[in-house]
Amino acid sequence: QVLPVESGGGLAQPGGSLRLSCAASERTGSRYSMGWFRQAPGKERQFVAAISTLGFTKHYVDSVRGRFTISRDNARNTVYLQMNDLNPEDTAVYYCAVNVQPFGAAPTTADYWGHGIQVTVSS
């Protein structure tokens, strides 16, 4: 069973950076696409970024493109989200997603989810 676990969230100032990590269970490796979604208070869950099984293809929502970078280390069964130039609109609970579907510019769901981690951007 795939059990993604997020880490690295917390509080950042506007313009600051945070790096999220998501470690999946063993054998995930390069079997699945992986990604990140987020949900702000009172809003629906939103796709943020996705990465293909070998990391060659990446997709981002327009609001984070150029500021966020998704990457993965298949040897460690881990996906990362480097978040730079954060702004208050990035405040949300961020969820790691494994086997995002449909893989592309606008995934809507995934087969496996982490429990979520809070990211707060505030001065």
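The values are calculated or read from the model by the stated rules, or taken from the named source; none is laboratory data. Because the structure is a prediction, the values reported are computed rather than measured. Positions of Cβ are generated from backbone atoms using ideal geometry, with glycine treated the same way; all protein chains shown enter the neighbour counts. Heavy atoms of the whole protein, side chains included, go into the accessibility calculation; ligands, DNA and RNA do not. Shrake-Rupley method; radii C 1.70, N 1.55, O 1.52, S 1.80 Å.
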**Subset of segment 103-123 (residues that are under 27 Å from PRO14 (Cα atoms) and either part of a strand (DSSP E or B) or of a type in the set (D, E, K, R) (or both))** = ILE117, GLN118, VAL119, THR120, VAL121
**Message:** What's the number of the only condition in (1) of a type in the set (A, V, I, L, M, F, W, C); (2) open to solvent by 70 Å² or more (accessible area, probe 1.4 Å); (3) under 23 Å from LEU3 (Cβ atoms) that ALA105 fails to meet?
**Reply:** (3)
**Message:** Suppose we filter segment 1-14 for residues that are more than 14 Å from the chain's Cα centre (by Cα) and either within 15 Å of VAL79 (Cβ to Cβ) or open to solvent by less than 50 Å² (accessible area, probe 1.4 Å) (or both); how many remain?
**Reply:** 4
**Item:** Search result, residues across segment 18-51 that are farther than 14 Å from ALA106 by Cα, modelled with pLDDT of 95 or more, in contact with a strand residue (DSSP E or B) (Cβ under 6 Å, 6 or more places away or on another chain) and in a loop (DSSP other than H, G, I, E, B)
**Value:** ALA40
**Only listed residue being modelled with pLDDT under 95 and touching a strand residue (DSSP E or B) at 6+ places or on another chain (Cβ under 9 Å), chosen from LEU3, LEU81, LEU86** = LEU3
**Asked** Condition test on LEU18, is it open to solvent by 60 Å² or more (accessible area, probe 1.4 Å), out of contact with any Leu (no Cβ under 6 Å at 6 or more places or on another chain) and touching a residue at least 12 places away in the same chain (Cβ under 8 Å)?
**Response** no
**Message:** Checking the structure you have, find out if any residue of segment 52-66 is outside any loop (DSSP other than H, G, I, E, B), among the small types (Gly, Ala, Ser) and surrounded by 14 or more Cβ atoms within 10 Å (Cβ to Cβ).
**Reply:** no
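Those residues that are open to solvent by 70 Å² or more (accessible area, probe 1.4 Å) and in a loop (DSSP other than H, G, I, E, B), I need them from segment 67-82; list them, please.
Residues satisfying the conditions do not exist here.
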**Item:** Hits in segment 83-102 (condition: open to solvent by less than 50 Å² (accessible area, probe 1.4 Å) and assigned to a loop (DSSP other than H, G, I, E, B))
**Value:** LEU86, ASN87, THR91
**Complete:** Taking segment 33-54 and keeping only residues that are over 14 Å from the mean Cα position of the chain (by Cα) and closer than 21 Å to THR78 by Cα, one is left with THR53, LEU54
